[in-house]
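Student: Could you have a look at this structure, given as structure tokens, before my questions?
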Amino acid sequence: MSAKRVLGIDPGTGICGFGVVQYEHRKQPRMITAGVITTPAHTPLEDRLLDIYDSLNQIIDETHPDEVSIEKLYFNQNITTGITVAEARGVCILVAKQHGIPISEYTPLQIKQTLTGYGRAKKKDMQEAVRVYLKMEQIVKPDDAADALAAAITHALMTRIAYR
């Protein structure tokens with residue numbers, strides 16, 4: 001079996017987390033890269049979305065993922081924030097589609113349950129679960145990057161990429 005790379009995305013307008021995990025048959029999964037795309041707060045939304053678009057294109061060109069796993073939108077407080085996050089999420093989906101990469105979506109509950117067994121896990125619990133799964137010495141920071149890796153790991157476990 002050849003290696004498979006999964007790009008996880010934790011969408012956001014101000015901070016958009018990304019993380020790429022590589023899976024090879026009978027080898028420990030490993031993080032290729034993880035980080036965040038940040039956009040300045042007082043920049044017009046269309047400019048922020050363009051920054052996300054350009055940055056994500058560059059990440060895909062550099063890491064060559066086979067699949068994308070993106071967190072589904074969930075908000076219960078501020079609808080205005082939810083709408084802008086949805087727009088950023090749309091940009092992420094568009095970039096993956098333009099590259100011909102299959103896209104899967106998971107709710108925050110699915111991701112938390114898959115990694116910790118508990119749907120209401122806290123950020124630090126998720127960071128620790130990612131660290132343990134990838135056998136890393138340190139937790140991944142910021143938490144948006146860890147959330148993106150968690151999305152990638154969830155996809156691999158749900159589709160059994162991790163076991164092929």
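Student: Please state which of the following conditions TYR53 fails to meet, knowing it meets all the rest: (1) at pLDDT 95 or above; (2) within 20 Å of ILE111 (Cβ to Cβ); (3) assigned to a helix (DSSP H, G or I); (4) not hydrophobic (A, V, I, L, M, F, W, C).
Tutor: With (1) at pLDDT 95 or above; (2) within 20 Å of ILE111 (Cβ to Cβ); (3) assigned to a helix (DSSP H, G or I); (4) not hydrophobic (A, V, I, L, M, F, W, C) applied to TYR53, the lone miss is (2).
Student: When the residues of region 100-118 are narrowed to those that are small (Gly, Ala, Ser) and part of a loop (DSSP other than H, G, I, E, B), which ends up nearest to the chain's Cα centre (by Cα)?
Tutor: GLY100
Student: Now for a different question. Run ASP144 past the list (1) touching a helix residue (DSSP H, G or I) at 6+ places or on another chain (Cβ under 6 Å); (2) closer than 16 Å to PRO11 by Cα and report the number of the one that doesn't hold.
Tutor: That leaves (1) as the condition not met.
Student: Could you check region 1-50 and list, in sequence order, the residues that are buried (at least 17 other Cβ atoms within 10 Å of the Cβ) and either out of contact with any strand residue (DSSP E or B) (no Cβ under 7 Å at 6 or more places or on another chain) or in a loop (DSSP other than H, G, I, E, B) (or both)?
Tutor: Hits for region 1-50 are PRO11, GLY12, THR13, GLY14, PRO29, THR39, ARG48, LEU49.
Student: Another one. Just one of the numbered conditions (1) surrounded by 14 or more Cβ atoms within 10 Å (Cβ to Cβ); (2) at pLDDT 95 or above is not true of LYS97; which one?
Tutor: All conditions are met except number (1).
Student: Could I ask something else about it? Among (1) within 18 Å of VAL6 (Cβ to Cβ); (2) of a type in the set (A, V, I, L, M); (3) without any contact (Cβ under 8 Å) to a residue 24 or more places away in the chain; (4) part of a loop (DSSP other than H, G, I, E, B), where does ALA121 come up short?
Tutor: So the condition that ALA121 fails would be (1).
Student: Let me ask you something else. Quick test of your reading of the structure: VAL85 fulfils all but one of (1) of a type in the set (A, V, I, L, M, F, W, C); (2) farther than 19 Å from THR38 by Cβ; (3) at pLDDT below 95. Name the failing condition by number.
Tutor: (2)
Student: Within region 1-38, restricting attention to residues that are basic (Lys, Arg) and modelled with pLDDT under 95, which residue is farthest from the chain's Cα centre (by Cα)?
Tutor: ARG26
Student: While we're on this one: Residues that are in contact with a Lys or Arg (Cβ under 9 Å, 6 or more places away or on another chain) and either on the phi > 0 side of the Ramachandran plot or in contact (Cβ under 8 Å) with a residue 40 or more places away in the chain (or both): does region 95-110 have at least one?
Tutor: Among the residues of region 95-110, at least one is in contact with a Lys or Arg (Cβ under 9 Å, 6 or more places away or on another chain) and either on the phi > 0 side of the Ramachandran plot or in contact (Cβ under 8 Å) with a residue 40 or more places away in the chain (or both), which makes the answer yes.
Student: Does any residue of region 71-84 turn out to be within 22 Å of ALA150 (Cα to Cα), in a strand (DSSP E or B) and aromatic (Phe, Trp, Tyr)?
Tutor: no
Student: Now a separate question. Looking at (1) farther than 18 Å from ARG5 by Cβ; (2) hydroxyl-bearing (Ser, Thr, Tyr); (3) in contact (Cβ under 8 Å) with a residue 24 or more places away in the chain, can you tell me which one TYR133 breaks?
Tutor: (1)
The values are calculated or read from the model by the stated rules, or taken from the named source; none is laboratory data. The model shown is predicted, which means the values in this text are computed figures rather than measured ones. Every residue, glycine as well, gets a Cβ built from its backbone with ideal geometry; the counts of neighbours run over all protein chains shown.
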